[in-house]
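**Student:** One structure is given below, represented as structure tokens, and several questions about it will come after.
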Amino acid sequence: MKEHAFYSRMRDKLGIREAQNLLRTQRIFERKDGHSLCEQTESWIDFSSNDYLGLAKDPELINAWQQGLTIYGAGSQASPLVTGYLTAHQALAEELADWLGFDHALLFNSGFAANQAVIHALLEKGDRLIQDKLNHASLMEAGILSPATMQRFPHNDTARLTQLLDSHHDVPTVVVTEGVFSMDGDLSPLVDIHQICLQNKALLMVDDAHGIGVLGEEGRGSCANAQVKPDILVVTFGKAVGMMGAAVLCNRTVHDYLINFSKHYVYSTAMPPAQAYALLTALHMVKTQAWRREKLTEFSAFFHEMLGDYPQIINTETPIKPVIIGDPAETMQIAKTLKANGFFTGAIRPPTVPPKTARLRITLSASHSKGQVDALVTQLRKELSA
Ligand SMILES: *Cc1c(COP(=O)(O)O)cnc(C)c1O
């Protein structure tokens, strides 16, 4: 019997990826103490995770989740509008809204789902969605699937954004940017973008997956840091907050609309209440343990001081340190040598990043020690001059 066309198509596309040196495979790790990562018999210091504040393995947070399990059980047992939304969820939502200065917070199981939810619910045929070209795949995917017209502007190019908004004034428009760009670690010019949106009556949505917890007073993120209040703010809990899940911060109208029209919200099981309970502790830690952010600032300054003269190193104000190599094979080779010396870094290749910008994505964490960062920097200096 002839094989189904889907299979041959999939194999062809996988073959192309492989030939381009871009094939991804699933690997299996263990995490040990001291921010280390293990695979079978090998182990490295992990410079690739998004656990910027070092909360993921903190005993205080682990204890809170265990306590939550004891109080609430393992699962939420239903979607939020049926019976899955419990007092723990409400306490978390209220805390988030208070902390970040919004009327409401709506909880989602992931940032990917939250982004899809907002874009799919809000935008209709004839509307316009304008995004930064480097926005996360979850935002791009939502835009591509949306019946609205999507336009993209070159990364952080506010002149081009203004130009796009100058035309079609009458079309309802949403502008979406990240607060901190995940693969570049740079910030969005939020003050300018906010101003441009106000002038052109466009709604502003900010995805602050990598800014929340890290930037601003009490870790309130990129928007607080820039003193900008967008119409819609998406924060995620899988990065600096050390857990997983997400929230959409918004006003009453958007909140009411989403709980009525967002299929991602209505038809998905609510996050376990134990998780919501633990997230409250995580937020408390983010707010009150400023030493974690101070440690990151110190590591970051040291990193740039020691590596400032290497053109591959991009200076950033965040714990995300891209080292732009360009060629995917060379990037893999450098990552391999780093690994051989005990350092695990992310090797990021197209299509995650634009062609010719394959890079190491090094991330710093408050759970690193000064000695670990020092050792990484010393090794990088060797490899980048080679
Ligand atoms: C990680 C990330 C997401 C997705 O969040 P998850 O909770 O991991 O699904 C969305 N946006 C950006 C910018 C991200 O970096």
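**Student:** Rank by packing, highest mean first: peptides 48-56, 163-171, with packing defined as the count of other Cβ atoms within 10 Å averaged across residues.
**Tutor:** On the way: 48-56: 22.3, 163-171: 12.8.
So the peptides 48-56, 163-171, ranked by packing, come out 48-56, 163-171.
**Student:** Which one of Phe47, His35, Leu61 has its Cα pushed farthest toward the positive end of the charge dipole of the stretch 28-73, where Lys and Arg give +1 and Asp and Glu give -1 at the Cβ?
**Tutor:** Leu61
**Student:** In whole percent, how big is the carbon plus sulfur part of the accessible area of the chain, probe 1.4 Å, protein atoms only?
**Tutor:** Accessible surface attributable to carbon and sulfur in the chain totals 53 percent.
**Student:** Multiplying the sequence separation of Glu94 and Thr297 by 0.36 nm and subtracting their Cα-Cα distance, what value in nm do you get? Each step should come with its number before you reach the end.
**Tutor:** Values: separation 203, 0.36 × 203 = 73.08 nm, distance 2.96 nm.
Length gained between Glu94 and Thr297: 70.1 nm.
**Student:** How large is the charge dipole for the stretch 27-147, taken about the Cα centre, if only the Cβ atoms of Lys, Arg (+1) and Asp, Glu (-1) carry charge, to the nearest 20 debye?
**Tutor:** In debye, rounded to 20, the stretch 27-147 gives about 360.
**Student:** Let me ask something additional. About the Cα centre, and with charges only on the beta carbon of Lys, Arg (+1) and Asp, Glu (-1), how big is the dipole of the chain? Nearest 20 debye, please.
**Tutor:** 1040 debye
**Student:** Using +1 at the C-beta of Lys and Arg and -1 at the C-beta of Asp and Glu, which of Gly185, Ala5, Ser369 has the Cα lying farthest in the positive direction of the dipole of the chain?
**Tutor:** Most positive-ward Cα: Ala5.
**Student:** What are the residues whose amide H is under 5 Å from the amide H of Ser36, where those residues sit 5 or more places off or on another chain and H is modelled from the backbone?
**Tutor:** Asp46
**Student:** With labels modelled as points extended 7 Å from the Cα through the Cβ direction, what inter-label distance (nm, one decimal) is found for Leu23 paired with Asn341?
**Tutor:** My value for the distance between the label points is 3.0 nm.
**Student:** In addition: If you take the charge dipole of the chain about its Cα centre, with +1 on Lys and Arg Cβ and -1 on Asp and Glu Cβ, which of Leu215, Ile71, Ile313 is farthest toward its positive end?
**Tutor:** Among Leu215, Ile71, Ile313, the one farthest towards the positive end of the dipole of the chain is Ile313.
**Student:** Could I ask something else about it? Under a crude label model (7 Å from the Cα following the beta-carbon direction), how far is Met10 from His155 in nanometres?
**Tutor:** 3.3 nm
**Student:** Rounded to the nearest 20 debye, what is the charge dipole size of the stretch 305-386 about its Cα centre when +1 sits on each Lys and Arg Cβ and -1 on each Asp and Glu Cβ?
**Tutor:** 260 debye
**Student:** Here's another thing I want to ask about it. Tell me, what is the FRET efficiency for Glu141 and Arg252 to the nearest 0.05, using R0 = 22 angstrom and their Cβ-Cβ distance as r?
**Tutor:** Efficiency, from the Cβ-Cβ distance: 0.20.
**Student:** Based on the mean of other beta carbon atoms within 10 Å per residue, what is the order of 59-69, 103-113, 262-272, most packed first?
**Tutor:** Highest mean packing first, the order is 103-113, 262-272, 59-69.
**Student:** May I pose another question? Can you give me the accessible area per residue for the stretch 256-372, using a 1.4 Å probe, in Å²?
**Tutor:** On a per-residue basis, the stretch 256-372 sits at 43 Å².
**Student:** For the chain, what is the calculated [θ] at 222 nm in deg cm²/dmol (nearest 500), taking -39500 (n - 2.57) for each run of four or more DSSP H residues and dividing by its residue count?
**Tutor:** Computed ellipticity for the chain at 222 nm equals -13000 deg cm²/dmol.
The values are calculated or read from the model by the stated rules, or taken from the named source; none is laboratory data. All values reported here derive from a predicted model rather than from experimental measurement. Heads up, the Cβs are rebuilt from the backbone with ideal geometry, glycines too, and the neighbour counts pull from every protein chain shown. For the accessible areas, the whole protein counts, side chains as well, though only heavy atoms, and no ligand, DNA or RNA atoms are used. Shrake-Rupley method; radii C 1.70, N 1.55, O 1.52, S 1.80 Å.
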